[in-house]
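The values are calculated or read from the model by the stated rules, or taken from the named source; none is laboratory data. What you see is a predicted model; the values in this text were computed from it and never measured. Here Cβ is always computed from backbone atoms with ideal geometry, including for glycine, and neighbour counts include all displayed protein chains.
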Amino acid sequence: MKLRLAPLLAVLLVALPAFAERADRDKPMHLEANRISIDDAKKIQILEGDVVITKGTLILKADRIVVTEDQYGFQKGTAFGGKGGLARFRQKREGRDDFMEGEAERIEYNSNTEVAELFHRAWVQSGEDQIRGDYIWYDAISEKYLVTAGENRDPKAPPARVRAVIQPKKSSSQPETPQRRGEQLELKGAAGLTAPNARE
């Protein structure tokens, strides 16, 4: 059962492959839930009740996860709710000491299109950059985002807005100059050194 379940659940764990820690792909997947049901004929798998999936640095938490597979072998995964009604993920970014994390009432990922969608109260943070909206769409192939504010449910409240914090890119004060071809390196400061046996 675990061997069959793991490949389909992996569809939810690669929603942001451009940033994800590559080493996580080779790590074992650990699953926890109050109930797991599998229908191989319909190619549907459902995990329910305080679901926690861990694979390397990646952690996905939800109240319910549904994974379906189409006739061509492409999978679609949907994570619903969780603590405070939100599904959450967190994963270390490749080659960096920070994380990408996010949450929404519903998170979907389609392995055919490689598109991730976060619905309602959606929030994603990558390093120090963060974005909030009612809906976040992310194409992993083109690395493009679309974020919408949605409608405000309270007519007396101000209009809903997308909110983002984008940090400036850090640049060094002086760009590195490449060495010219044939240029030789010169060691300085070695003139006063003598060989160990030359002291006597």
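Overview of values
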{"read-out": "The one condition in (1) modelled with pLDDT of 85 or more; (2) in contact with a strand residue (DSSP E or B) (Cβ under 6 Å, 6 or more places away or on another chain) that MET100 fails to fulfil", "value": "(1)"}
{"read-out": "Some residue of segment 53-66 being more than 23 Å from GLU101 (Cβ to Cβ) and crowded, with 17+ Cβ neighbours inside 10 Å", "value": "no"}
{"read-out": "Number of positions in segment 114-143 that are more than 26 Å from ASP97 (Cβ to Cβ) and part of a strand (DSSP E or B)", "value": "10"}
{"read-out": "Top-ranked residue of segment 60-82 - restricted to ones that are within 18 Å of the chain's Cα centre (by Cα) and of a type in the set (D, E, K, R), ranked as farthest from LEU47 (Cα to Cα)", "value": "LYS76"}
{"read-out": "Hey, ARG88 surrounded by 18 or more Cβ atoms within 10 Å (Cβ to Cβ) and either in contact with a helix residue (DSSP H, G or I) (Cβ under 6 Å, 6 or more places away or on another chain) or at pLDDT 80 or above (or both) or not", "value": "yes"}
{"read-out": "Qualifying residue in segment 154-175 (condition: surrounded by 10 or more Cβ atoms within 10 Å (Cβ to Cβ) and at pLDDT below 80)", "value": "no"}
{"read-out": "Single unsatisfied condition, ARG88 versus (1) in a strand (DSSP E or B); (2) more than 19 Å from TRP137 (Cβ to Cβ); (3) touching a residue at least 24 places away in the same chain (Cβ under 8 Å)", "value": "(2)"}
